[in-house]
Structures are given as structure tokens and as C-alpha cells.
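Novice: First the structure, which I've put down as C-alpha cells, then a few questions once you've had a look.
The values are calculated or read from the model by the stated rules, or taken from the named source; none is laboratory data. Quick caveat, the model's predicted, so the values are computed rather than measured. Here the Cβ positions follow ideal geometry from the backbone for every residue, glycine too, while neighbour counts run over all protein chains shown. Note: areas computed on protein heavy atoms with side chains; ligands, DNA, RNA excluded. Shrake-Rupley method; radii C 1.70, N 1.55, O 1.52, S 1.80 Å.
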There are 2 protein chains.
Amino acid sequence: MARKVGGRTTSSVDPRVVRTRNDILRTTLQVLMDEGWDAVTHQHIAQVAGYSKATVYNHWRSRADLIRDAFLRLRDMPHHVPTGDLRTDLIQEVTTFRTGMDERPLARALCVLVNLTDAAPELDEVRDRLVTDGERLVRELLAPVLHGTELEAATLMLCGAVLHSAMMHGEPPGDDVIASAVDLTLRAIGRN
Amino acid sequence: MARKVGGRTTSSVDPRVVRTRNDILRTTLQVLMDEGWDAVTHQHIAQVAGYSKATVYNHWRSRADLIRDAFLRLRDMPHHVPTGDLRTDLIQEVTTFRTGMDERPLARALCVLVNLTDAAPELDEVRDRLVTDGERLVRELLAPVLHGTELEAATLMLCGAVLHSAMMHGEPPGDDVIASAVDLTLRAIGRN
């Protein structure tokens, strides 16, 4: 089956190429977070990732392409596979997002992205794609029972609870808080 | 009446000193956001703010003190004055937070702070103080009607909806979305 890596369908791509691309994109995100935007040069990324500068150039002609793909790789977040039970599905999907925030440098990466969009407005599109993908399942699960601004509000509240906790409290919410957030939402829509 | 500036009670402080401190702290936050942590030196801040290096040293002996106070100044966010009507109070307070996100460089400043806490764990305390102050009124308004993990969840959801929208969607939520978020919360607790 075809699977997506960095936005490309890679069914017929040499696994070594996939590995190389992933190594370089992971390094790019790390350098961006640790050393900032100016440190992302083909030369420096090649050196840190342990590849030749030519290899990096071969995949990404510009720094902008490299940075864009490094962030888009964050789209490959796991998502919960819905079971049909709304409470279970919401809890599982929000928990999956929480785990992503906890295990990956996702909160910091998103912060770097937010700061960069001021200097590089072309990254707005990258942020929007990440957010749309990230919110999709929560929105789809709620769409049969909420609509309009209430659907928007509930999606922002469930995703925002995780983001706010991870970023501002320094740790993502616990299982009990996630369950309470979902239960409050279900009670609001008469589905408890 | 005594009022707090940068964490200090300034009832008897010369207004010129207050202005100087505010100028320098505002400049520090701006330089931190635009040029990064390394650019925050007494020399550079003095130059950008238009004061002597001695003045900056006179108020803040170390870069860490200067950076801490620059962030703590964000605590001087306006808050809604409660009327006693829960729906009105929640909507007004969440709207006040939204306005803060919109008019001040608050979203970006918080992102810079989140990124810095990795390199400078002493800023954890600053972040915690900002968050506690920021959430206080929402939490107090909900405390009579929710408790435990549900109080925690609802606070995270209301504050998180604004943060998530401002940071991840690139604009804070509209009035209609804020009203929907509050109405969902009130419906969940049987107060609609």
C-alpha cells in the first residue's frame, strides 16, 4: 500500500531514500529548535545529519523547502481508529494528541513554527495544513452532533485543552482531565 | 493606591522610574522575540531602548533578572470585573484574554517563553506565575459549580480554545465562538 512520507507517495521509493529524507528532516527540525532559523543551511544540516551537502541539495533546493518539509513531517502523527462509540473515540483521539505532545518535541516545534510565521508568512500554509490534519478526527467525530460555531468551539476546546496544558502548564493533561473534558462536552450535547 | 509594576509595589516610586523600567522591559521582550535570547545583553537593550547601559544595570544586575521581569510584566493583563452573572462574566473574561492575544504580542511572547524554559529551567516559575494569574478569574468563576478534574478540564478548555485559535489558527476566536464555548460549558453543568 502506498504511504505518505513528507507529503509524497512513496510506494515505489527506495527505503534508503525514505530513511535519508527522514534523517535530514528530523535533523532540520532539531537544529531549528536548538539553534534557530539562521542555523538551517544545507551545509550545517548535512554536517549534523551525517550526509553530504550534495545529498541535502539533491532533495531540497532551498532552505524554505527544507524547513517546510521538516514541519510537514509532523503531520505523520498517529490518529485513533474510530470504534463508533463517541465517548471512547473522543477520549482516545485526544489522548493520542496528548501522547504526541508528550513524546515528541511537538509543543516546542509548534512554538517555533508560530514564531517563524511572523518572519516567514509562507509558513502560514504549513501551519494551517498541520492544524487541519491535527484537528480533523475530533471535528469529524463531533460533526454529527454539533454544528456551526458550537462545532468550532468544541473542537478548539478539546484540542486547546491539550495544547494549553502542554505549553503553559509544562505538562500535558492527565487521563482523568481528558476524560472530564470529553464528558463535559458530551453532557453539553446531551450525550452523556 | 499602590499598584504593581513588574512585581514591585510602586506607590512611592517616581513615575519617571516606572516609565524607564517599562520602556526597558518592553524593549527586552521585543528584542527577545525578534533577535533571540543571545541578543539580550545590557549593552544592546540600553542601545535599543535609548538609555545608558548604567541605567539598565542599575535596575537589573543580571540578564536573567531582566528577562524574568520582562515576562512578568505580561501579568499586568486586564481582567474583567465580575458582575455576578456567570454567563456574562465567563464571556467577558474569555473575551478579555482574546483581546490580550490580539492586541499584544502575547501569543508570540508565550511561545518564546515556552521555548526558553528548555534552556533556562528557572523560567518555569515565571511561566507558572503568568499562567496562574491568567487563569485565575476563569477558575474562580467556575469553582462554585465545578470541582476536581472537571474544574481543571473546563478551565483548560476555555483558556485553551483562545490559545489554540490564536497560535494555531493564526487568529483568536470570534465573539460567536467564545459565546458558544461558554454556552457549551454552561450546558454541561446544567446552567444554561
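Novice: Averaged over its residues, how many other protein chain Cβ atoms are within 10 Å of peptide A:131-137's Cβ atoms?
Specialist: What the average comes to for A:131-137 is 2.
Novice: In nm to one decimal, list the spacings between the A:Pro82 label point and its equivalents in the other copies, with label points set 7 Å along Cα to Cβ, shortest first.
Specialist: Here the equivalent label points are 3.9 nm apart from this one.
Novice: Relative contact order for chain B: what percent, with Cα pairs under 8 Å and sequence separation of 6 or more?
Specialist: Averaging sequence separation for qualifying contacts and normalising by length gives 19 percent for chain B.
Novice: Can you tell me the 0 to 90 degree angle between the C-alpha axis of helix A:148-168 and the longest principal axis of chain A, rounded to 10?
Specialist: Value to nearest ten degrees: 60.
Novice: Also, I was wondering about something else. Send over the Kirkwood Rh of chain B, from the inverse of the averaged 1/r over different Cα pairs, rounded to one decimal Å.
Specialist: 18.1
Novice: Could you tell me which residue out of B:Thr20, B:Leu90, B:Leu110 lies farthest along the dipole of chain B toward its positive end? Charges go on the beta carbon: Lys and Arg +1, Asp and Glu -1, centred on the Cα centre.
Specialist: Ranked along the dipole, the leading option is B:Thr20.
Novice: Considering the rotational relationship between chains B and A, which residue of chain B contributes the beta-carbon of minimal distance to the axis, and what is that distance to the nearest Å?
Specialist: Closest Cβ to the B-to-A rotation axis, residue and whole-Å distance: B:Gly160, 1.
Novice: Rounded to the nearest 0.05, what FRET efficiency do A:Arg104 and B:Ala119 have when you use their Cβ-Cβ distance and R0 = 25 Å?
Specialist: 0.85
Novice: Taking both sides together, what accessible area is buried at the A/B interface, probe 1.4 Å, expressed in Å² and rounded to the nearest 100?
Specialist: The summed interface area works out to 3800 Å².
Novice: What does the C-alpha gyration tensor say about the overall shape of segment A:4-73? Classify as rounded when a/c is under 1.5, otherwise prolate if a/b is larger than b/c, or oblate.
Specialist: Judged from the Cα gyration tensor, segment A:4-73 comes out prolate (a/c at least 1.5, a/b above b/c).
Novice: Ratio of Rg to Rh for the protein assembly as shown, alpha carbon only, Kirkwood?
Specialist: Answer for the protein assembly as shown: 1.00.
Novice: Moving on to the next point. Along segment B:183-190, what does the Karplus equation 6.51 cos²θ - 1.76 cosθ + 1.60 (θ = phi - 60°) give for ³J(HN,Hα), rounded to whole Hz, x for Gly and Pro?
Specialist: Ordered by residue, 3J(HN,Hα) equals 5, 4, 5, 5, 5, 4, 9, x Hz.
Novice: Kindly list the residues of segment A:14-29 that lie in the label zone of A:Ser52, defined by a backbone N under 16 Å from the point 7 Å along the Cα-to-C-beta vector.
Specialist: The answer is A:17, A:20-21.
Novice: Given a 1.4 Å probe and the protein chains all in place, what does the accessible area of B:Glu125 round to, in Å² to the nearest 10?
Specialist: 100
Novice: With +1 on each Lys and Arg Cβ and -1 on each Asp and Glu Cβ, and nothing else charged, work out how big the dipole of segment A:83-192 is about its Cα centre, in Debye to the nearest 20.
Specialist: Computed charge dipole of segment A:83-192: roughly 160 debye.
Novice: With θ set to phi - 60°, apply the Karplus curve 6.51 cos²θ - 1.76 cosθ + 1.60 along segment A:107-124 and write out the HN-Hα couplings as whole Hz, x wherever there is a Gly or Pro.
Specialist: Computed from phi, the couplings for segment A:107-124 are 4, 5, 4, 5, 5, 4, 4, 4, 5, 6, 5, 5, 7, 10, x, 5, 7, 3 Hz.
Novice: Any idea how far apart A:Arg19 and A:Thr132 come out in nm if each label point goes 7 Å out from Cα toward Cβ?
Specialist: Reported label-point gap for A:Arg19 and A:Thr132 is 3.4 nm.
Novice: Which distances in nm, rounded to one decimal and ordered from shortest, link the label point of B:Lys53 to the equivalent label points in the other identical copies, with labels set 7 Å from Cα toward Cβ?
Specialist: 3.6
Novice: Angle between the Cα long axis of helix A:15-35 and the longest principal axis of chain A, 0 to 90 degrees, nearest 10?
Specialist: For helix A:15-35, the angle is close to 80 degrees.
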